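S.K.: A single structure is presented below for examination.
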Amino acid sequence: MFKSRSRPVVATLTLRDSLRSLRDDYPSLAAAVGLPERPAWLERLVRSVLPALDFDIPVLLTAICGGGSTGKSSLFNALAGRELSQVALRAGLTQRVILAGHPEVLASGETAAALLHRLPAQPERWRSPEQAAQPGPPLYAAAPALPKGLMLIDTPDFDTGEGDRLVNRERAEPILRTAEVIVYLFTNAVYNNLSNLQFMADVVGGIGGRAMVLVYRISRTAPDEVVLEHCQHVAQRLYGAREGWPAQVVGVYRVHESDRVAQGKARPEPLPVGPLSRGRSLPTLLADLDVAAVKRQVFASDLTAIRDGATADLQQLQASVNGSEVYAKALEHLMALQGIEALKAFPVNEAVTMAARVFLATSPGYVRAMRRTGRIVGAPIRAARAAVHRGAEALGLRERAEPPPDLSDAVTQGLLLAANELRNRLLDDHLIVPVSHEDALLAELQEAQPQRSMPYTLEALGNGRYNLHVPAPGVVREQEAALMQQDWERTSARLREAARSLVGLPGDIERELTASVLAFRHDMGWRQRLREAFFASLSALPPLLGVTYTLLTADAAGGTGLLIQLEGLFGVNDLWALLSIPASAGLSEQDRLQLQQMIAPVFRLWLRNRTDAVVALLADTVAAPVTRTLSALPHTDDARLQRLQQALRHLEAEHG
């Protein structure tokens, strides 16, 4: 029937390792992304294939199955040579699975448990036929009349049950999926029963490759041609064949209607019909089956089904992982943009002071001397100017200087608006993120697209700008209720508290600024070096306090503000910040440009530091349900994914 081929021990061990990797790694990954943890192929792997590798007994498991009152138990007893299962006229009598085998093979409950590995309950030793009529764990019994290479299984009727549930079908299905040979009994009254045929088609279609024997209970007056016609119809329906006999059908038999058999007073006599049975009795046909060849064929069929199912599910799993990663990166990019928008007030006075200190500390000696001289010589002038200003204010000839604004108010308002906008975007089915053709996020996605499917769409806005639309993964959509139920008052309070700490310059950026200034000074041209004196005169600048800035997507022509490009910050490469400098500052164009060059590194460091803090704050407050969910998801470099891919490559190489 099949060509025999032995498998080297090393190949078997490698195969076992690959299959165990599928068993161990897939469920946790699937659960993390919201996919079923135990799909049909994995159930088949756990219940059939791995036990077959770990406990390889040279016997064929032959299940006798069918609907109610078809004579399964009578045939089971006849083949086993013992009255093991109770026989009566009423349907649904058999409630338990019975396993019968030669006593030299079926010697213990451990052997029975290994053979019936799909069933959760530990088999019990058979004691009487009446046990089969009572629900309970499977039974096993010795049957000396059976050949050593054959195990018989009596299964419950799969078309009877309790109430509106076909409980016996639930009991029979695991056994049918375990069996290597199926003996299917049906009667003339139900041979075309759609429900029974569909159930059997689902089972044999799901297991494939199993040898099947058809036993048709019909009136003795029916000609063999009718028997063969009906049996071929059943076989084609079971295996989806359009014509002829499916290759899995190895025998066709007829059993005549008999009241004595139905009452348990006589044993059925299956009669061979057609060329497939070749005139052999049913026991002879079963005994003639090549045990090793059938088991190998069943094993190969199982591996094919496992490979195909696992490949499809792994593709879906990989797509889910890709989608989650894209969403997480898009969310981080969006929070960075919102952080930049929220931090509207830049402490330019502190920046000027720090930049001047760092520039002067790294300046040539003559510039530092000018600074010291300027402090001494200019002190009386500054004192006189301050006295004149105070007198003018007292006489009402000059408006009093406005008190320094509270920058925390602007930051607080920006944070609250950013948090509300972010929550609204997280509630959408798609995350929409503005990007430009130069942004690192878009470049990364486009580079990865040929290697793996990246779920996103681009909406062109013109001038190299786009809206990136990223679908929300299922696990993110499940967080909608958590997002809506957040305590907004508590979140707002935390944002207000954080705003106070975001005002001013971080204390740890001076070292980074020093390195930046040294690099800047190294690239200074001779004209810039001639203007080193500008830094020595910074004390003459009027107080600028905190100034606001505006984000631009292009270089603004002209203007009195300080224009700073945010290149490389947060993956953004086409964004500018325009710092508003009042005309009262009295800066010449050259002074403004020089101040712009000096302030730029401080602004970039400040913005990066503060935006990082805002991103962390948003991720830990308004976006917390989503960010926590995303952080728990597997990544594309997850070792489990790599092991699954390696296991499937091995299965493809071995059984492709």
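S.K.: Carbon and sulfur: what percent of the stretch 35-165's accessible surface (1.4 Å probe)?
M.R.: So the carbon and sulfur contribution to the accessible surface is 50 percent.
S.K.: Right, something else. Just how much of Glu652 is accessible, in Å², when a 1.4 Å probe is used and the result is rounded to the nearest 10?
M.R.: 100
S.K.: So, one more: Of Asp439, Asp487, which has the most accessible area with a 1.4 Å probe, and how do the rest follow in descending order?
M.R.: My answer, sorted largest first, is Asp487, Asp439.
S.K.: Report the net charge of residues surrounding Val273, where surrounding means a beta-carbon distance below 12 angstrom and charges are Lys +1, Arg +1, Asp -1, Glu -1.
M.R.: Cβ neighbours under 12 Å give a net charge of 0.
S.K.: For an R0 of 51 angstrom, estimate the FRET efficiency from the Cβ-Cβ distance between Ala107 and Gln449 and round to the nearest 0.05.
M.R.: Efficiency for this residue pair is about 0.25.
S.K.: Return one whole number: the accessible area per residue of the stretch 610-656 in Å², for a 1.4 Å probe.
M.R.: 46
S.K.: What is the distance, in nm, between label points placed 7 Å from the Cα along the Cα-to-Cβ direction at Asn467 and at Gln236?
M.R.: 5.6
S.K.: Rounded, prolate or oblate: which fits the stretch 446-485 when a ≥ b ≥ c are the square roots of the eigenvalues of the alpha-carbon gyration tensor, with rounded for a/c under 1.5 and prolate only if a/b beats b/c?
M.R.: Oblate is the answer for the stretch 446-485, as a/c is 1.5 or above yet b/c matches or exceeds a/b.
S.K.: Cα gyration tensor of the stretch 201-311, axes a ≥ b ≥ c as square roots of the eigenvalues: rounded (a/c below 1.5), prolate (a/b > b/c) or oblate?
M.R.: Because a/c hits 1.5 or more and a/b exceeds b/c, the stretch 201-311 counts as prolate.
S.K.: Please identify every one of the GluC sites (Glu not before Pro) in the stretch 81-143 that sits in a loop by DSSP and has no more than 16 other beta carbons within 10 Å of its own beta carbon.
M.R.: Listed in order of number, the matching sites are Glu83, Glu104.
S.K.: Under the rule a/c < 1.5 gives rounded, and otherwise a/b versus b/c splits prolate from oblate, where does the stretch 36-165 land using the Cα gyration tensor?
M.R.: oblate
The values are calculated or read from the model by the stated rules, or taken from the named source; none is laboratory data. These numbers were taken from a predicted model, which means no experiment stands behind them. Counting neighbours? That spans all protein chains shown, and the Cβs are built from the backbone with ideal geometry, glycine included. Accessible surface areas use protein heavy atoms only, side chains included; no ligands, DNA or RNA. Shrake-Rupley method; radii C 1.70, N 1.55, O 1.52, S 1.80 Å.
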